[in-house]
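Take a look at the structure below.
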């Protein structure tokens, strides 16, 4: 991203291309920007599968997570909401999917999500920038 980008989530930007560098677009489409989160996993702050961390200004998302119990889950690099719409779904639907993950959480479900994540990244599904 260029330095003059407004301090908002990228999916809320109008005319996103004016803020993206060419290398940044490649890094986002291939999800290489997520590799740095491996450090957070090693530190125990994140897991591979769980709800994506909320931005500091996403009060509505955080409030919904608290009211549904989803806030008890460790944040993850990928999650059930990400493989089912990413930023293309409403916050309510996102939390509904995260709550579904909370109830179905298991090793096999995590494997399913990881496989779906890999195929989504491979075919750039749900990536708008």
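Read-outs: derived from the displayed coordinates by stated rules, not from any lab. These numbers come from a predicted model, not from an experiment. In this analysis, Cβ positions are derived from the backbone assuming ideal geometry, glycine residues included, and neighbour counts consider all displayed protein chains.
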**Prompt:** Taking other Cβ within 10 Å of each residue's Cβ, how do 101, 56 sort, fewest first?
**Reply:** 56, 101
**Fill in**
Kirkwood Rh for the stretch 36-122 from C-alpha pairs, in Å, is 13.1
**Asked** Any idea what the relative contact order of the stretch 36-122 is, in percent, if you count C-alpha pairs under 8 Å spaced at least 6 apart?
**Response** 32
